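Peer 1: Here's a structure for you.
The values are calculated or read from the model by the stated rules, or taken from the named source; none is laboratory data. The model shown is predicted, which means the values in this text are computed figures rather than measured ones. Here Cβ is always computed from backbone atoms with ideal geometry, including for glycine, and neighbour counts include all displayed protein chains. Accessible surface areas use protein heavy atoms only, side chains included; no ligands, DNA or RNA. Shrake-Rupley method; radii C 1.70, N 1.55, O 1.52, S 1.80 Å.
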Amino acid sequence: MTDFLAINRAEHFFIFFFVGIVISKESLEPYIAKRSVIGVCMIGYVVSYMFNIEPATPLFASIAFWGLALKADRSLSDNLFHPFRNYTYQIFLIGIFAQIFVKVLSNMFRFPGSYPIWWLVCVLAGVYVPVFIARLGSKSGKKYIRYLIGV
């Protein structure tokens, strides 16, 4: 039962949650988006991965990809992600459940070379399922359902 909803990994993910709060609170996003910081984090990721230094590996990767996402945000957000602009809270709130469901399916139906496919399905489910649920909830006349999913 500890694997259910990744409860057994809560202490592992706490560091990412905490670092995200600090970065947002201290307005460090402009520094993370610098090429030098992204480059250092990518090198840190590779080195920590080679020497199996946990939790440095995912931390370096997270900061590097956060910086890359900030760079991409400037050019893509108004065009590519505009339909999701009003659903970010629902994606945060509900997306993990859709992704865990895909992870369970991927463990059941594993075949060689399928990781990239399952990864893409996981990302898409984490975005589109919450948006779909939020749209259904907003069309619902039930006020408590809208409150429950943050609409």
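Peer 1: Starting from segment 111-131, take each residue that is closer than 9 Å to A98 by Cα and at pLDDT 90 or above and list its partners that are among the basic types (K, R) and assigned to a helix (DSSP H, G or I), counting only C-beta distances under 7 angstrom and pairs at least six apart or across chains.
Peer 2: C122/K103
Peer 1: If we scan segment 101-109, do we find a residue that is at pLDDT 85 or above, touching a Cys at 6+ places or on another chain (Cβ under 8 Å) and among the polar types (S, T, N, Q)?
Peer 2: So far as segment 101-109 goes, yes, one or more of its residues are at pLDDT 85 or above, touching a Cys at 6+ places or on another chain (Cβ under 8 Å) and among the polar types (S, T, N, Q).
Peer 1: In segment 42-55, what count of residues is obtained for those that are of a type outside the set (V, I, T) and open to solvent by 100 Å² or more (accessible area, probe 1.4 Å)?
Peer 2: The number of residues fulfilling the criteria is 5.
Yes/no per residue for (1) within 29 Å of I145 (Cα to Cα); (2) polar (S, T, N, Q); (3) open to solvent by 60 Å² or more (accessible area, probe 1.4 Å); (4) in contact with a His (Cβ under 6 Å, 6 or more places away or on another chain):
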| residue | (1), (2), (3), (4) |
| --- | --- |
| I38 | no, no, no, no |
| T57 | no, yes, no, no |
| I63 | no, no, no, no |
| I91 | yes, no, no, no |
| V102 | yes, no, no, no |
| L105 | yes, no, no, no |
| M108 | no, no, yes, no |
| A125 | yes, no, no, no |
